[in-house]
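The structure appears below as structure tokens.
The values are calculated or read from the model by the stated rules, or taken from the named source; none is laboratory data. Remember, predicted model here, so these are calculated numbers, not experimental data. Here Cβ is always computed from backbone atoms with ideal geometry, including for glycine, and neighbour counts include all displayed protein chains.
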Amino acid sequence: MAVLGSGYVGLTVAAGLASFGHRVTCTDVDVDRVDHLVAGDLRIVEAGLTELIEDVRSLGRLQFLTDNIEAARSAEFVFLCLPTPGRSDGTLDTSSTEAVVTQIGRHLAPGARIVIKSTVPVGTARRVAELLQRRDVAIVSNPEFLSEGTAVDNFLHPDRVVIGSDSVRAAMDVATLYGVGGVGECIVTDSQSAELIKFASNAYLATRVTFINSVAELCEATGANVRDVARGIGSDHRIGTAFLSPGPGWGGSCFPKDSAALVALADDVGVDATVVRSVIAANEWHSVRVADKIADALDGDLSGKTIAIWGLAFKAGTDDVRHSPALKIVERLRERGALFRAFDPGVSRPITGITQCTTLEETCRGADAILVTTEWEVFARSDLDALGSLMTRRIMVDARGAIDPGVALLAGFDYTGIGVGRDASDLEFTAMCLEQETRDPVVHATYPRHRDAADQSP
Ligand code: UDX
């Protein structure tokens, strides 16, 4: 089979299919990219992918080429994993997909199946069929649900595989490709439904995140604690706990693109998209809120102040900075005269206008405040007391709830979190619990749920 496109989706799909025992040819038009792939250099950070590719290549099941026609000519299944970037009006640009279909169309083997993995507008599978004009070639929509950082695991152990086609036979053929991989539920549907499931899933997840961010804001205004509130909401089995972590707003390559595309689609077909439109607007507001928190912590004056930015990626576990809330916040703070020293354990590529450091120590040297924008675990394990001694003032705004407030307070930081009032007494209580933990193992056992600990302490 052929996988056309060697981005993180194409590589994961190619390696995953090869690990199921299929022989896969993966292509990219970028000669330099293919040269690096052949040399074993993926040039992306994706847990377990390099190893999986090495394994399947050593078994002779995966090769890389630049020629789409050569790869597609003898393939029974041709997976399209091509970029579909969002335009400024929210619609998606499918020109790469159309160009490749036109390029390979007459070279496809009789009875081949084209499988669209990329996120494409509803109706694309049907449009591709019209473009192709090959009655013997079925088009199948099989959207990817790969999260960056866990893409390999998501592919090998999916919650569900969605397969949509006007040809049930072709849909079933694609389903069998996953059969050896221990798949969760397999949902076979028409192609429009499969295409829409992708947008609706991401817009719904984005809505949950924005919802909890709004609840976090309410918590700050009322003295409640968003961690406890999220736990209370999420332990209702109808709701569930996933995607209820408050933060600086969602980013990445999918949520912004897919939610905007859902609104554009709704507008196009005359359907009201108020909910998702509001979610997009509220998401912007949550990054403004974080920028305001740092300005407040620095008494409103950011001019010439150096801020240590902890995290540039849009989430932990990836090197991807596309639509990263961290960069959005940096831009807002820059407009107010702030300077930056940033460290992200996953991001080494230079970013214009940001001094990138290789350690947390470097970010803190001479800094006026720390702003935690990505939830890397290594940040939580840092020696805050030592880092604070390098700074001009011990100020921290933690937009991810990545640092234990008690630890920050004990290290002398003026700590502002998300979803917990800045002066909330429970922060002080957490610090007290931490102090006690060294003396009293019983309190230690109940920490960190400080309110419970309060009820039980002598
Ligand atoms: C997402 C979808 O999860 C995946 O199924 C899809 O196919 C591609 O888009 P990804 O973009 O890798 O994956 O990121 P994801 O882990 O879903 O997070 C999206 C954004 O929401 C990130 O900015 C993340 O930090 C934020 N987020 C997520 C929160 O702020 N809180 C949460 O509780 C969860």
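The set of residues in the range 267-301 being within 17 Å of Leu327 (Cα to Cα) and more than 23 Å from the chain's Cα centre (by Cα) consists of Asp292, Lys293, Ile294, Ala295. The residues of the range 376-409 that are surrounded by 16 or more Cβ atoms within 10 Å (Cβ to Cβ) and either among the polar types (S, T, N, Q) or outside the structural domain of Thr210 (by TED's automatic domain parsing) (or both) amount to a single one, Ser382. For Arg322, indicate whether it is charged (D, E, K, R) and either within 13 Å of the ligand (Cβ to nearest atom) or closer than 19 Å to Pro350 by Cα (or both). Yes; evaluated as a whole, the condition is true for this residue.
Regarding the range 247-267, can at least one residue be identified that is more than 29 Å from Leu92 (Cβ to Cβ) and basic (Lys, Arg)? No: zero hits. The residue pairs whose first member lies in the range 322-349 and is under 13 Å from Trp310 (Cβ atoms) and β-branched (Val, Ile, Thr), whose second member is within 13 Å of the ligand (Cβ to nearest atom) and assigned to a loop (DSSP other than H, G, I, E, B), and whose beta carbons are closer than 7 Å, counting only pairs six or more residues apart or on different chains, are Ile329/Pro248; Ile329/Thr373; Val347/Leu312; Val347/Ala313; Val347/Asp319; Val347/Val321. Elements of the type strands (runs of 3 or more DSSP E) sitting completely within the range 132-236 and holding at least 1 residues that are touching a Gly at 6+ places or on another chain (Cβ under 8 Å), within 28 Å of Arg23 (Cβ to Cβ) and away from the ligand (no atom under 16 Å from the Cβ): these cover 138-141, 185-189. Within the range 138-180, the set of residues being under 27 Å from the mean Cα position of the chain (by Cα), polar (S, T, N, Q) and crowded, with 19+ Cβ neighbours inside 10 Å comprises Ser141, Asn142. Taken as a whole, the condition of being within 16 Å of the ligand (Cβ to nearest atom) and surrounded by fewer than 23 Cβ atoms within 10 Å (Cβ to Cβ) applies to Val347.
Only one entry of Glu195, Glu185, Glu220 meets the criterion of being surrounded by 19 or more Cβ atoms within 10 Å (Cβ to Cβ) and over 21 Å from Gly419 (Cα atoms), and that entry is Glu195. With the structure loaded, tell me whether Ala242 is assigned to a helix (DSSP H, G or I) and either modelled with pLDDT under 95 or of a type in the set (A, V, I, L, M, F, W, C) (or both) or whether it fails that test. Considered against the rule, which asks whether it is assigned to a helix (DSSP H, G or I) and either modelled with pLDDT under 95 or of a type in the set (A, V, I, L, M, F, W, C) (or both), Ala242 comes out as no. With respect to the conditions (1) within 14 Å of Thr210 (Cβ to Cβ); (2) free of Cβ contacts under 8 Å to residues at least 12 places away in the same chain; (3) within 16 Å of the ligand (Cβ to nearest atom); (4) among the small types (Gly, Ala, Ser), Gly251 lacks only one, and its number is (2).
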